[in-house]
1. As a test of the formula, what do you get for the chain when each DSSP H run with n ≥ 4 contributes -39,500 (n - 2.57) and the sum is divided by the residue count, at 222 nm and rounded to the nearest 500 deg cm²/dmol?
2. Find how many whole Å separate the alpha carbon centroid of region 1-59 from the alpha carbon centroid of region 147-161.
3. Could you order Y108, Y20 by accessible surface area, starting with the largest, using a probe radius of 1.4 Å?
4. If each residue of separation counts as 0.36 nm, what is the full-extension length gain between S166 and D120 once their alpha-carbon separation is subtracted?
5. Sorted by accessible area with a 1.4 angstrom probe, largest first, how do S51, S166 fall?
6. Per residue, how much accessible area does the chain have with a 1.4 Å probe, in Å²?
7. Rank these by accessible area, largest first, 1.4 Å probe: K71, K177, K55.
8. Rounded to the nearest 10 Å², what accessible area does R50 show when all protein chains are kept and the probe is 1.4 Å?
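The values are calculated or read from the model by the stated rules, or taken from the named source; none is laboratory data. Computed from a predicted model, the values in this text were never measured in an experiment. Don't worry about glycine lacking a Cβ; one is built from the backbone with ideal geometry, like all the others, and counts go over all protein chains shown. Ligands, DNA and RNA are stripped out before the accessible areas are found, and what is left, the full protein with its side chains, is counted by its heavy atoms. Shrake-Rupley method; radii C 1.70, N 1.55, O 1.52, S 1.80 Å.
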Amino acid sequence: MNSKVKGYAAHSPESDLVPYSFERREIRADDVEIDILYCGICHTDIHHVRSDWGKEEYPMVPGHEIIGRAKRVGKNVTKFKVGQAVGVGCLVDSCQACSSCSHHQEQYCDNLVTTYGGRDRFDGSITYGGYSERIVVSENFVLDIPENLNLAGTAPLLCAGITVYSPLRRWKIREGKK
């Protein structure tokens, strides 16, 4: 059974975000349902809402810098427990079987599922993002958030933070480097 969720959606590239009720899919064996506490606003969200990068599906509930607490976990979930602080970035699922996925490069998977504006790979339902009360995410795309962090301040790290950090780490940039 799907659950009714409240959020904020754009209904066209020209519209403002307005209150919107929709149904979230039920959790599966490998999913985590998350009560959303905080969601950052990223310029990418604005580009998608405004359809700046190509055709989009509406209504659109954006948001991909999500911090919350695990509300329910599927029967096969081993990494997370109910009540745990968790985060979600720009992906909520992938095939987990292709070459990209097996090399931890899920962002290149032909069957990746984006946090919003994507299609669930099993039932084809549209994905809705973090400007809502809760979200359902494959366990593999949920992040453990340490309890000692400021949860509100952590949300932007799931996009802006990792966008800067990842290449610095990959290219071993240290103090004094340009």
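1. Working: 4 runs with 26 residues, N = 178.
Result for the chain: -3500 deg cm²/dmol, rounded to the nearest 500.
2. 20
3. On the way: Y108 145, Y20 50 Å².
Correct descending sequence by accessible area is Y108, Y20.
4. Stretched out fully, the S166 to D120 stretch lengthens by 13.9 nm.
5. Numbers: S51 35, S166 60 Å².
The residues order as S166, S51, largest area first.
6. Details: 10320 Å² over 178 residues.
Result: 58 Å² per residue.
7. Details: K71 85, K177 130, K55 190 Å².
Ranking K71, K177, K55 by accessible area, largest first, yields K55, K177, K71.
8. My reading of the accessible area for R50 is about 90 Å².
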